[in-house]
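**Student:** Quick one: structure below, then a few questions.
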Amino acid sequence: MSIQTVPTRPFPGQRPGTSGLRKKVVVFQQPHYLENFVQAVFDTLPGHEGQTLVLGGDGRFHNRVAVCTILRMAAANGFARVLVGRGGLLSTPAVSAVIRGRGAFGGLILSASHNPGGPEGDFGIKYNAANGGPAPEKLTEAIYARSTEIAEYRIEDAGADIDFDTLGTRTLGGMTVEVIDPVADYAELMQQLFDFDAMRAWFAAGHRMRFDAMSAVSGPYARAILEGRLGAPAGTVINGEPLEDFGGHHPDPNPAHAAELMAAMSGPGAPDFGAASDGDADRNMILGRDFVVTPSDSLAVLAEHATQVPGYRAGLAGIARSMPTSRAADKVAAALGIPCHETPTGWKFFGNLLDAGQATLCGEESYGTGSNHVREKDGLWAVLFWLNLLATTGRSVEDLVRAHWARFGRHYYSRHDWEGIPSERADALMAELRASLPALAGRDCGDGLRIASADDFAYTDPVDGSVSTRQGVRLLFADGSRIVFRLSGTGTEGATLRVYLERFDADPARHDQPVQQALGALIRIADEVAGIRRHSGMEGPTVVT
Ligand code: VG1
Ligand code: CO
């Protein structure tokens, strides 16, 4: 075996978005495309020689090819050891847990998360640092800069027959490849955080749950923990086999894309608890019988009851939420006397707060919840947290949420996604909206809604002082309602406009309105102010969650 140095030329557009580099599979299949990006990552990481790298992905189409390539490149770039999940599989939170638990230098995660997979679908890659968390913006920008000037990459001339399907240790050039059980480290960590005895008793008492793994990577984790360690009946986990194309579905756990689970959770015979997670198992959706929990409410309820759970018995240092996430968690933080931080969208912004001990729980409206146990959002963790609460309080999902609303008020919340807008049109919409900001404050929009202030969200990281600008246009209304507009940074086709709508109602007598109705005036105002239909040429949003 020998190390080859391969000449190459830069590809345009290798700038990581909200969460890593995501492109169509056919883009990643171009010769040198993945290699260029991986070499740009390694070139940007001084001191990686002799260190340990963690590697795994969500099992989507192209995962195995990419694992082979990266193993050969890691060997040629001087890593001493790669820990790779068996079959090339590791969920995003599991990578984070393995990096932290085994003191690795960093990790590469192969996933386009909630984006569809298969030959026609998307692929993605992301670098996580030694704290287990996504590379901060400074690092992703450096990787991008390196990708624009790359002239060669190094790869071990090893052929494609590297065995990563059987546990154990082998060598590749001068490097050790250790194939690890993708579930073991993660399951141990969960057992340390949660009251497994109480959860076992909950199942033993006949309570029922359904977990939809959406044919993605959470299947093996959910089966091992729910059906294995917790004794839930076989069949509790559905779609538990990871498929390269996720069965042709969007592995995106929300009421629109998890239709099978939604149907199963409705009616008198439905299970007590329903949950789902996404492609790489870092998102979660929480359902009761005939009852949907919004992710923003979920974060708030977990925070409210955190001390019921062994891992959080000592209380929370703080909460952090992304800016578009509803302010339900802020109310809980205020009641607990702890800070609630507001960050830009994307988990990479929580890393510093978690490392500095300023936040214990974090959440995003996009079905992401997590804590300081890893540095990623964690789908199954959130599900186990809810299960722990159901088991120790003896209450139902709906009961916990309604009690929360009664105490803190209800934050009606919805996100409207306008997908597939031609990029120039979406850019024009945002430019016009930004230009109109100075004139918006004070505007009376009817229905009792007056814009108190309007701005483009900017964030100064309290730990390292780094500044991130243009993170979403906000309309803040005098009654506390909000509309937020931003363009997605994870899509691979055209642009997706996300419109986030929030309205607070303190009165329990009004906590039973249909959500879209409660937000009706805000939906009207969003279109009036931003000209969404005019710019997009579309009649309505493509996905409403
Ligand atoms: C979306 C979500 C964001 C999340 C990101 C990655 O980003 O809005 O909250 O952190 O996906 O999640 P965007 O830029 O498309 O709005 V995952 O589970 O796809 O890695
Ligand atoms: Co994900």
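**Student:** Quote the charge dipole size of the chain about the Cα centre in Debye, to the nearest 20; the model charges only the Cβ of Lys and Arg (+1) and of Asp and Glu (-1).
**Tutor:** 600 debye
**Student:** So if each residue of separation counts as 0.36 nm, and I subtract the Cα-Cα distance between R470 and E424, what length gain in nm does that give?
**Tutor:** 14.8 nm
**Student:** The range 191-280: Rg/Rh from Cα coordinates, Kirkwood Rh?
**Tutor:** Here Rg/Rh amounts to 0.98.
**Student:** Return the inverse of the average 1/r over all pairs of distinct C-alpha atoms in the range 400-482, which is the Kirkwood hydrodynamic radius, in Å to one decimal.
**Tutor:** Numbers: mean 1/r = 0.0637 Å⁻¹.
For the range 400-482, inverting the mean 1/r across all distinct Cα pairs yields 15.7 Å.
**Student:** I'd like the accessible area for S2: 1.4 Å probe, protein heavy atoms, all chains in place, Å² to the nearest 10.
**Tutor:** Estimated to the nearest 10 Å², S2 gives 60 Å².
**Student:** Would you pull out the residues with amide H under 5 Å of G318's amide H, same chain only if 5 or more places away, H placed 1.01 Å from N?
**Tutor:** Excluding prolines and chain starts, which carry no amide H, the hits are T360, L361.
**Student:** Further question on the same structure: If you count only protein heavy atoms and use a 1.4 Å probe, how large is the accessible surface of W202, to the nearest 10 Å²?
**Tutor:** Approximately 20 Å² for this residue.
**Student:** Here is a further query. Just for the chain, what percent of DSSP beta bridges are antiparallel, to the closest 5?
**Tutor:** 70 percent
**Student:** Under unit Cβ charges (Lys, Arg +1; Asp, Glu -1), what dipole magnitude, rounded to 20 debye, does the range 364-480 have relative to its Cα centre?
**Tutor:** 400 debye
**Student:** In percent, what relative contact order does the chain have, based on Cα pairs under 8 Å that are 6 or more apart in sequence?
**Tutor:** Taking the mean separation of contacting Cα pairs over the length of the chain, I get 13 percent.
**Student:** Can you order the peptides 503-514, 53-64, 534-545, 129-140 by their average number of other Cβ atoms within 10 Å per residue, highest first? Walk me through the numbers on the way to the answer.
**Tutor:** Numbers: 503-514: 13.6, 53-64: 26.3, 534-545: 15.8, 129-140: 19.3.
The densest-packed peptide leads the list: 53-64, 129-140, 534-545, 503-514.
**Student:** Please list 3J(HN,Hα) in residue order for the range 32-39, calculated via the Karplus relation 6.51 cos²θ - 1.76 cosθ + 1.60 where θ = phi - 60°; whole Hz, with x for glycine and proline.
**Tutor:** Once θ is set to phi - 60°, the couplings for the range 32-39 become 6, 5, 5, 4, 4, 5, 5, 5 Hz.
**Student:** Now, a different point. May I ask you to derive the FRET efficiency for A441 and R407 from their Cβ-Cβ distance with R0 = 35 Å, giving the value to the nearest 0.05?
**Tutor:** 0.60
**Student:** Oh, and also: Per residue and in cubic angstrom, what volume does the convex hull of the Cα atoms of the range 303-379 have?
**Tutor:** In the range 303-379, the Cα convex hull volume per residue is 82 Å³.
**Student:** Keeping every protein chain in place, order R443, R102, R407 by accessible area at 1.4 Å, biggest value first, i.e. largest first.
**Tutor:** Listed by decreasing accessible area, they come as R407, R443, R102.
**Student:** Another question, if that's okay. Going by average Cβ neighbours within 10 Å, how do the peptides 23-31, 161-169 rank, with the highest at the top?
**Tutor:** In descending order of packing, they fall as 23-31, 161-169.
**Student:** For the range 67-74, just list the computed ³J(HN,Hα) in residue order, Karplus coefficients 6.51, -1.76 and 1.60, θ = phi - 60°, integers in Hz, with x standing in for Gly and Pro.
**Tutor:** 4, 4, 4, 5, 4, 5, 6, 4
**Student:** Sum -39500 (n - 2.57) across every DSSP H segment of at least 4 residues in the chain, then divide by the residue count to get the 222 nm mean residue ellipticity, nearest 500. Could the numbers behind the result be given before it?
**Tutor:** Values: 18 runs with 170 residues, N = 545.
Computed mean residue ellipticity for the chain: -9000 deg cm²/dmol.
**Student:** Which value, in Å³ per residue, describes the convex hull spanned by the Cα atoms of the chain?
**Tutor:** Details: hull volume 76.3 nm³, N = 545.
Here the figure is 140 Å³ per residue.
**Student:** Can you run phi through the Karplus equation (6.51, -1.76, 1.60; θ = phi - 60°) for the range 82-99 and list ³J(HN,Hα) in whole Hz, with x for Gly and Pro?
**Tutor:** Going residue by residue, I get 10, 9, 10, x, 3, x, x, 9, 7, 6, 4, x, 5, 4, 4, 5, 5, 4 Hz, with x marking Gly and Pro.
**Student:** Residues of the range 1-68: accessible area per residue at 1.4 Å, in Å²? Don't jump to the answer; show the numbers that get you there.
**Tutor:** Values: 2750 Å² over 68 residues.
Per-residue value: 41 Å².
**Student:** Ignoring ligands, DNA and RNA, what percent of the accessible area of the chain is carbon or sulfur (1.4 Å)?
**Tutor:** Of all accessible area on the chain, carbon and sulfur atoms account for 50 percent.
**Student:** What are the residues whose amide H is under 5 Å from the amide H of L89, where those residues sit 5 or more places off or on another chain and H is modelled from the backbone?
**Tutor:** G57
**Student:** When the solvent-accessible surface of protein heavy atoms is calculated with a 1.4 angstrom probe, in what order do V332, V515 fall, highest first?
**Tutor:** V515, V332
The values are calculated or read from the model by the stated rules, or taken from the named source; none is laboratory data. Computed from a prediction, not measured in an experiment: that's the story for all the values here. We place every Cβ from the backbone using ideal geometry, glycine too, and count neighbours over all the protein chains shown. Accessible surface is based on the protein model in full, side chains and every heavy atom, while ligands, DNA and RNA are left aside. Shrake-Rupley method; radii C 1.70, N 1.55, O 1.52, S 1.80 Å.
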